[in-house]
Amino acid sequence: MPLEKALRQGEYLIYLTVIFITAVLLGFSMYLVFYRLYNLFTTSLYNFNELSKAIYDALSDVFLVVVFVELINTFITYVEQRKIVVYKIIDVALVALARELFIYVAPVNADFKIEKAIALVLGTLVVGYIDYLQRRVIARERRQR
C-alpha cells in the first residue's frame, strides 16, 4: 500500500507540473495573440498586401490558445475525477487538427502539398467521427440512467 500511495502522489505531482508548464505555454500563446493582433492592425494600416498573412497568423495563435485551454481543462478534470475523460482528449485533438488544417490550406502557405492537405482533411474527419460516436455513447448512457 505505501508504494501505491507514493506512486499516486508522484502522478499528481507530475500532472500539476504538466498543468503549470501548459499554463506557462498558454501565457506565451496569449502574448503571441496580442502581438499578432497589434501586428494585424499596424500591417493593415500600412501594407495591405501583408494583411491576409497577418490575419492567418492571428487566427493560428487564437487556435493555439484554445488548444492549451482544452489541455488544461483535460488535466484538471483528470486530477479532480481520477479518470481519463476520452471525449475531452478527442476535443483537444480535433481542435489541434483543425488549427493545422487551417494553417496548411491558407492561401499564404507557400509549402502547400495536396497530399498533406488530404491527410489533414482525412485525419480531421476520422477524429471528428470518433468524437461523434463518443458523444452518442455518452448521450445513450445518460438516457439509461
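The values are calculated or read from the model by the stated rules, or taken from the named source; none is laboratory data. What you are looking at is a predicted structure, and each value in this text was computed from that prediction instead of being measured. Cβ atoms come from the backbone with ideal geometry, glycine included; neighbour counts cover every protein chain shown. When the accessible area is computed, the model is the full protein with side chains, heavy atoms only, and any ligands, DNA or RNA have been set aside. Shrake-Rupley method; radii C 1.70, N 1.55, O 1.52, S 1.80 Å.
For the range 1-34: of the residues being over 30 Å from residue 58 (Cβ atoms) and within 22 Å of the chain's Cα centre (by Cα), which is modelled with the lowest pLDDT? Working first, answer last.
So in the range 1-34, the residues over 30 Å from residue 58 (Cβ atoms) come out as 1-17.
Applying the additional criterion that residues be within 22 Å of the chain's Cα centre (by Cα) yields 14-17.
Details: 14: 87, 15: 82, 16: 85, 17: 90.
The qualifying residue modelled with the lowest pLDDT is 15.
Tally up the residues in the range 93-145 that are outside any helix (DSSP H, G or I) and not small (Gly, Ala, Ser), please.
Just the residues of the range 93-145 that are outside any helix (DSSP H, G or I), to begin with: 105-113, 145.
Next, only the ones that are not small (Gly, Ala, Ser) stay: 105, 107-109, 111-113, 145.
Total satisfying the criteria: 8.
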When you look at residue 23, is it within 17 Å of residue 70 (Cβ to Cβ) and not basic (Lys, Arg), yes or no?
yes
Name the pairs whose Cβ atoms lie under 8 Å apart, with the first residue in the range 1-25 and touching a residue at least 60 places away in the same chain (Cβ under 8 Å), the second assigned to a helix (DSSP H, G or I) and open to solvent by less than 60 Å² (accessible area, probe 1.4 Å), and 6 or more positions between them or separate chains?
12/79; 15/75; 15/78; 15/79; 16/79; 19/72; 19/75; 19/79
List every residue pair whose Cβ atoms sit under 8 Å apart, with the two residues 6 or more apart in sequence or on different chains, where the first one lies in the range 28-53 and is on the phi < 0 side of the Ramachandran plot and the second, anywhere, is surrounded by 13 or more Cβ atoms within 10 Å (Cβ to Cβ) and of a type in the set (Phe, Trp, Tyr).
29/68
What pairs come up if the first residue lies in the range 58-71 and is at negative phi, the second is among the acidic types (Asp, Glu) and assigned to a helix (DSSP H, G or I), and their beta carbons are under 6 Å apart, counting only those six or more places apart or on different chains?
70/91
Counting only residues that are open to solvent by less than 80 Å² (accessible area, probe 1.4 Å) and of a type outside the set (Val, Ile, Thr), the range 18-72 contains a total of 27
Selection from the range 95-125 of residues within 18 Å of the chain's Cα centre (by Cα) and in contact (Cβ under 8 Å) with a residue 24 or more places away in the chain yields 95, 96, 97, 98, 99, 102, 103, 123, 124
When you check residue 34 against the structure, is it among the hydrophobic types (A, V, I, L, M, F, W, C), in a helix (DSSP H, G or I) and closer than 26 Å to residue 134 by Cα, yes or no?
no
So in the range 36-88, with the set limited to residues that are over 20 Å from residue 22 (Cα atoms) and among the hydroxyl-bearing types (Ser, Thr, Tyr), which one is modelled with the lowest pLDDT?
44
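Would you confirm whether or not the range 126-139 contains a residue that is open to solvent by less than 50 Å² (accessible area, probe 1.4 Å), free of Cβ contacts under 8 Å to residues at least 40 places away in the same chain and within 18 Å of residue 59 (Cβ to Cβ)?
Going residue by residue through the range 126-139, those that are open to solvent by less than 50 Å² (accessible area, probe 1.4 Å) are 127-128, 131, 138-139.
Subsequent filtering for residues that are free of Cβ contacts under 8 Å to residues at least 40 places away in the same chain retains 127-128, 139.
Retained after the next criterion (residues that are within 18 Å of residue 59 (Cβ to Cβ)): none.
Scanning the range 126-139, I find no residue that is open to solvent by less than 50 Å² (accessible area, probe 1.4 Å), free of Cβ contacts under 8 Å to residues at least 40 places away in the same chain and within 18 Å of residue 59 (Cβ to Cβ), so the answer is no.
Taking the range 80-92, which residues are in a helix (DSSP H, G or I) and open to solvent by 40 Å² or more (accessible area, probe 1.4 Å)? Full working, then the answer.
Of the range 80-92, the ones in a helix (DSSP H, G or I) are 80-81, 86-92.
Within the range 80-92, 80, 81, 86, 87, 89 qualify.
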